[in-house]
Amino acid sequence: MCFDIEENPNQEIQALSLFSKYVNVFDCIHIYAEQSISDQKVLHAAAIAAELLDNDEDGSIDDINVQNTLTSIQTVMPLFAYEGSPAEDMLFDNFESFMENNNGCAGAVLYNNEIDPSSPGFWGEDASVEEILHTINTCSQVEIYPDVFGLDPNSSEMSDAMDVARGGQFLTIPDQYPEEGWYHYDDWTCDYECMAIEYLYWCEVSYMGILDDIQTCNGIDNEWELCTPELFESTDVIMHSIIENPIY
């Protein structure tokens, strides 16, 4: 699918006023980018969003419930030029302050240095798949199927599965994860809900097969051990059955 970059149609909205570039993806994900981000990178983000929503590439989103929910809660994917060192004309210097002024759903953000159109989804090079999946999941599946994808402890099939994957239920980062676990996220700034959305990402990309190379497997094994679809299917049986289920 081809997209056109437009001028920001919502400059009057405070949360969106710092962006100059805009792409509408299926009328349900609205990508906003700062002027300094190249058109190639903006269009790359749009293409990734479209392919994640429309797996069979027939021009329609595969799950009408996802489409309706993303649309109704005004889903936004912001692309910032800088992380931690904002341009002088930026109104907000980080994701949190952007969120304070945004009335829609922004499940994640992308920064310029995280986007590499030459390596789509490749771990350590291009974070577009990860951050756009976070946005889609947070703003649709978690909302539509809370009994399956709820992020709170003891709230869903996924939260129960994550407790198994981590070797126990940990509301904060443990000093050391049990050996039987295969998900070892250790960012102390990430709470349980954050851990759950990261867990969902790892499960999805394992199922997709885009972690299945030696460099990636070695690079992520301190956090996630199931780098091949086969390992994911045989080890994380609960989440594999959920992700394979076409209902979701």
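The values are calculated or read from the model by the stated rules, or taken from the named source; none is laboratory data. Note that the coordinates shown come from a computational prediction; the quantities given were computed from them, not determined experimentally. Because the Cβ atoms are built from the backbone with ideal geometry, glycine has one as well, and the counts that use them run over all protein chains shown. Keep in mind that these areas ignore ligands, DNA and RNA; they rest on the heavy atoms of the full protein, side chains included. Shrake-Rupley method; radii C 1.70, N 1.55, O 1.52, S 1.80 Å.
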Query raised in the report: Each residue of the stretch 231-244 in turn: what ³J(HN,Hα) in whole Hz from Karplus with 6.51, -1.76, 1.60 and θ = phi - 60°, glycine and Pro shown as x?
Result: 5, 4, 5, 7, 9, 9, 5, 5, 6, 4, 5, 5, 5, 6
Query raised in the report: Any idea of the accessible area per residue across the chain, 1.4 Å probe, to the nearest Å²?
Result: 48 Å²
Query raised in the report: Which ³J(HN,Hα) values in Hz, rounded to whole numbers, follow from the phi angles of the stretch 108-124 under the Karplus curve 6.51 cos²θ - 1.76 cosθ + 1.60, where θ = phi - 60° and Gly and Pro get x?
Result: 6, 10, 10, 10, 3, 6, 9, 10, 9, x, 7, 9, x, x, 6, 4, x
Report task. Count the net charge of all other residues whose Cβ sits under 12 Å from the Cβ of Asp187, scoring Lys and Arg as +1 and Asp and Glu as -1. Result -> -4
Query - Burial order of peptide ranges 34-45, 56-67 (average beta-carbon count within 10 Å, highest first) - result: 34-45, 56-67
Report summary line: For the Asn101, Cys190 Cβ pair and Förster radius 30 Å, calculated FRET efficiency rounded to 0.05 is 0.80
Query - Tensor-based shape of the stretch 108-206 (alpha-carbon gyration tensor, a/c under 1.5 rounded, otherwise prolate or oblate) - result: oblate
Report task. From the P(r) of the chain, can you give the percent of Cα pairs sitting at distances over 22 Å? Result -> 55 percent
Query raised in the report: If you project the alpha carbons of the stretch 1-66 onto the principal axes, what extent comes out on each, in Å, largest first?
Result: 34, 25, 13
Report summary line: Expected sort for 182-191, 160-169 on mean C-beta neighbours within 10 Å, highest first, is 160-169, 182-191
Query raised in the report: Given R₀ = 45 Å, FRET efficiency for Cys2-Glu180 by Cβ-Cβ distance, to 0.05?
Result: 0.40
Query raised in the report: Taking R0 as 25 Å, what's the FRET efficiency between Ser234 and Leu171 from their Cβ-Cβ distance, rounded to 0.05?
Result: 0.30
Report task. Name the residues whose placed amide hydrogens come within less than 5 Å of the amide hydrogen of Tyr111, ignoring near sequence neighbours (fewer than 5 apart) on the same chain. Result -> Phe80
**Report entry** Linear extension gain, Asp212 paired with Asp152, 0.36 nm per residue minus alpha-carbon span
**Finding:** 18.6 nm
Report summary line: Highest mean packing first, using Cβ neighbours within 10 angstrom, the peptides 237-247, 133-143, 103-113 sort as 133-143, 103-113, 237-247
**Report entry** Gln40 versus Tyr82: modelled label distance in nm, points set 7 Å from Cα along the beta carbon direction
**Finding:** 2.3 nm
Report summary line: So Ser72 and Asn24, fully extended at 0.36 nm per residue minus their Cα-Cα distance, gain in nm 15.8 nm
Query raised in the report: How much net charge surrounds His134 when only the other residues with a Cβ under 11 Å from the Cβ of His134 are counted, with Lys and Arg +1 and Asp and Glu -1?
Result: -4
Query - For the stretch 164-185 versus the stretch 28-81, the gap between their alpha-carbon centres in whole angstrom - result: 33 Å
Report summary line: Residues whose modelled amide H sits under 5 Å from the amide H of Val76, counting only those 5 or more places away in sequence or on another chain, are His30, Cys105, Ala106, Gly107
